Amino acid sequence: MRQATRSLSDEADLIARYLIGKSPNDRVKRRYEDAMHTLHGDLDAVDRRLWKVVTCCPFTFRIIDSGLAVLRPASSIRRKVHVMLAVLEASPEYCEYFLPKAFGPLYAVNIVLTGARAVFVGIIGYAALKLMGIKGQ
Amino acid sequence: MIHDYIVVGSGPSGAQAAQTLVNDGARVAMLDVGVKDDLYRGMVPDADFTSIREQDPDQYRYLLGTAFEGISWGGVKVGAQLTPPRKFMMHGIDRWIPLESSTFSPMESLAYGGLGNGWGLGCFVFSGPELEKAGPDHGKMKTAYEVISRRIGIAAARDDAASYGLGGLDCFQEALKIDTNCHALYEAYRAKRGTLNQQGFFMGQPPMAILTQDQGERKQVAYKDMDFYSDQDMSAYRPWMTVDGLKKHSCFSYHENCLVVRFEEKEGHVEVSVNRTDTHGKEVLRCKRLLLASGVLGTARIVLRSFQEGKVRLPLICNHYCYVPCLHLRMLGKPVERLRTSLAQLVLFHDEERTHADVAVASLFSYRSLLLFRLIKEAPLNFSDGRKIMQYLQSSFIIAGIHHPDAASADKSIELREDLSTITHDKLHAHYALSEEEVKGTRQREHKYISALRTLKCFAIKRVYPGFGSSIHYGGTLPYSRQDKPFTLAPNGRLHGTKYVYVADGSGFGYLPAKGPTFSLMANAHIVAQNALSS
């Protein structure tokens, strides 16, 4: 049990760093653990394989998530990330990452570049998953 | 004991029918399952959405749910839009009123206040041609709309859309404030009004069952943007408020945990059979007049069981709809005001022929209080970049919910079949399909809407079809008929084949205009109750 809790806590840390670029506080980690215990997001064989890659090489997270978004949008890995996203959004410490606010014109350029990167990584991710022999849902 | 009147159901129709009866001094018993929310009531703080988000460490409990039930995964389905504090509406449905269908996913409710707990508050007056097709008497409805408007309180504006939404309604309060996003859209509409009107498009504010001035115990709207989570200041009307008020009358009694399963007419009275949802026991109550208002599907179950005829198929109608997330380019990167409502800000009617007879409706919402993670999931992007992009785009999102009118056809029906695995030993089966012609007309209309919105610099991202039944607007199972045919209603709302049984919900509407029907259902329930009183 302690092992499982530690692994969920590590998982929370990994996903939050992927989503907002920093480790979450302990309260968010505990909430993520509670959510995952309640929602039972078990991984199937394909997701287990991909999750192993993500945990070993965190820099691949964006690529694999991008590929899954196109090829297997209902993947349990995506579900884990979605749960963490919801937990972060409903925490006052992280609401600044979600609430609408005024952005300057330069930020629009930043968003265009982010969009272009998302599409590019999506193509890479899709190709990588196909090369790994993963089929669409 | 024989009650003078029994009203079945505490939803919008049941509450208003009971109010009319009680106002006349009648002795009324209301039978209802009456599921209540004991978990979230009192949990949501009295603050605006942004302040809550910035300050409340326990916000996840009501935003995501104590069992994280607000984090839904998978496709869009009926009830998915309900926030955790509203999900009690669907409690007990599968167990007590099961329905099977591969083509139709309705939402039903056994809650105290029924489906009215999740009502979007749109109060649309049906036009003369629409009422002619639907069934209720136009002249009586005109008066009934005024009565209901006084009871529930409506905020509305006399604008371009008023002739479609408000009709000749005189009694209403000042309109709600529109938020910045939709205000910019409305200004764009005003600039291009001539072209859009020529195409049959008319934009304005929807009449809403919400107060902009205090009324009794109910307070005027405080624009907290928490409308999907709480009814705290009671500015938005919910039917439970009417029933709460009725409970103070000595001639009204409320019987909870009562699922009405059938009725039988005896000499001079009606016997109503009830399954207790708390003790699982059975009871029989007696009344001189029975008013069924347990929702279109609930009433159909009761009527079909009561007549116990072999295989009977009843017609079913339901507004089909799609929603279209759009990007309103003028609002990119702009801030969003703290104080606003989560409700529909604008409405766009489409009446190509200007006949008021076959009008489609798009309700326009800004997006914020349903949280960003639900939107991010829908984008085919990685979550990390998706979050950043969606946060930027959030202030420019407009969600258009396009509703279409519906009429009966052979491919839309329900049937009650024996099923010994259920508590009532039966299960409702539904089949719903549109004809090719209907699909074609619907798609063409949606295309015109998208094109009109594009004229206003509001660009559609995609069309989402949540499936038939998800509009939560149902009708037509027991249509009004002047002929004494089984499974139809007399013009006064009495069920043909009975002497003392009236139907006060939307079962009699043989046509559903695209406008939300709740206001018309309440007006009709008032008329049916008056007819029951005068019989």
Checklist line | residue A:50 assigned to a helix (DSSP H, G or I), in contact (Cβ under 8 Å) with a residue 60 or more places away in the chain, buried (at least 18 other Cβ atoms within 10 Å of the Cβ) and facing chain B (nearest Cβ under 8 Å) | finding: no
Notebook entry, point to check: Which residues, taken from segment B:42-70, are within 16 Å of residue B:368 (Cα to Cα) and either part of a loop (DSSP other than H, G, I, E, B) or of a type outside the set (Ser, Thr, Tyr) (or both)?
Noted result: B:47, B:48, B:49, B:52, B:53, B:54, B:59, B:63, B:64, B:70
Next item on the list: Output the residues belonging to segment B:351-400 that are at the interface with chain A (Cβ under 7 Å from one of its Cβ atoms) and at positive phi.
Entry: B:371
Next item on the list: Could you pull out the residue among B:465, B:474, B:449 that is buried (at least 18 other Cβ atoms within 10 Å of the Cβ), more than 30 Å from residue B:258 (Cα to Cα) and among the aromatic types (Phe, Trp, Tyr)?
Entry: B:449
Check: Does residue A:127 fit the bill of being of a type in the set (A, V, I, L, M) and more than 10 Å from chain B (Cβ to nearest Cβ)?
Finding: yes
Next item on the list: Give segment B:178-220 a look and list any residue that's of a type in the set (Asp, Glu), at pLDDT 95 or above and out of contact with any Ser or Thr (no Cβ under 6 Å at 6 or more places or on another chain), or say none.
Entry: B:187, B:214
Checklist line | Among (1) crowded, with 21+ Cβ neighbours inside 10 Å; (2) in a helix (DSSP H, G or I), the one test that residue A:9 misses | finding: (1)
Check: Of all the residues that make up segment A:59-78, how many are surrounded by fewer than 21 Cβ atoms within 10 Å (Cβ to Cβ) and either out of contact with any helix residue (DSSP H, G or I) (no Cβ under 9 Å at 6 or more places or on another chain) or facing chain B (nearest Cβ under 8 Å) (or both)?
Finding: 4
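The rows are residues; the columns are (1) under 18 Å from residue B:105 (Cβ atoms); (2) modelled with pLDDT of 95 or more; (3) of a type in the set (Gly, Ala, Ser).
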{"position": "B:383", "(1), (2), (3)": "no, yes, no"}
{"position": "B:386", "(1), (2), (3)": "no, yes, yes"}
{"position": "B:400", "(1), (2), (3)": "no, yes, yes"}
{"position": "B:413", "(1), (2), (3)": "yes, yes, yes"}
{"position": "B:440", "(1), (2), (3)": "no, yes, no"}
Item checked: Of all residues in segment A:87-119 being touching a residue at least 24 places away in the same chain (Cβ under 8 Å) and assigned to a helix (DSSP H, G or I), the one that is nearest to the other protein chains (Cβ to nearest Cβ) -> A:118
Check: Here are B:348, B:327, B:332, B:339: which of them is touching a Ser or Thr at 6+ places or on another chain (Cβ under 9 Å) and either of a type in the set (Ser, Thr, Tyr) or facing chain A (nearest Cβ under 10 Å) (or both)?
Finding: B:332
Next item on the list: Could you please give the count of residues in segment A:12-28 that are assigned to a helix (DSSP H, G or I), more than 12 Å from chain B (Cβ to nearest Cβ) and more than 18 Å from residue A:51 (Cβ to Cβ)?
Entry: 1
Notebook entry, point to check: Does segment B:114-130 contain any residue that is over 30 Å from residue B:83 (Cα atoms) and among the charged types (D, E, K, R)?
Noted result: yes
Item checked: Pick from segment B:52-84, criterion hydrophobic (A, V, I, L, M, F, W, C) and facing chain A (nearest Cβ under 8 Å), ranking: nearest to residue B:373 (Cα to Cα) -> B:71
Next item on the list: Would you please name the residue that is surrounded by the fewest Cβ atoms within 10 Å (Cβ to Cβ), looking only at residues in segment B:155-171 that are in contact with a helix residue (DSSP H, G or I) (Cβ under 8 Å, 6 or more places away or on another chain) and under 27 Å from residue B:367 (Cβ atoms)?
Entry: B:160
Next item on the list: Count, please, the residues in segment B:10-27 that happen to be within 22 Å of residue B:150 (Cα to Cα) and outside any helix (DSSP H, G or I).
Entry: 5
Notebook entry, point to check: Would a scan of segment B:94-102 turn up a residue that is closer than 30 Å to residue A:77 by Cα and either surrounded by 15 or more Cβ atoms within 10 Å (Cβ to Cβ) or hydroxyl-bearing (Ser, Thr, Tyr) (or both)?
Noted result: yes
Next item on the list: Could you list all residues from segment B:208-229 that are crowded, with 21+ Cβ neighbours inside 10 Å, out of contact with any Leu (no Cβ under 8 Å at 6 or more places or on another chain) and over 24 Å from residue B:66 (Cβ atoms)?
Entry: B:211
Next item on the list: Search segment B:134-162 for residues that are free of Cβ contacts under 8 Å to residues at least 12 places away in the same chain and pair each with any residue that is surrounded by 21 or more Cβ atoms within 10 Å (Cβ to Cβ) and part of a helix (DSSP H, G or I) when their beta-carbon atoms are under 8 Å apart and the residues are at least 6 apart or on different chains.
Entry: B:138/B:131
Check: Which of (1) in contact with a Pro (Cβ under 7 Å, 6 or more places away or on another chain); (2) assigned to a helix (DSSP H, G or I); (3) without any contact (Cβ under 8 Å) to a residue 40 or more places away in the chain does residue B:531 not meet, given it meets every other one?
Finding: (1)
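The values are calculated or read from the model by the stated rules, or taken from the named source; none is laboratory data. If you're wondering where the values come from, they're calculated on a predicted model, not measured in any experiment. Neighbour counts run over all protein chains shown; Cβ positions are idealised from the backbone, glycine included.
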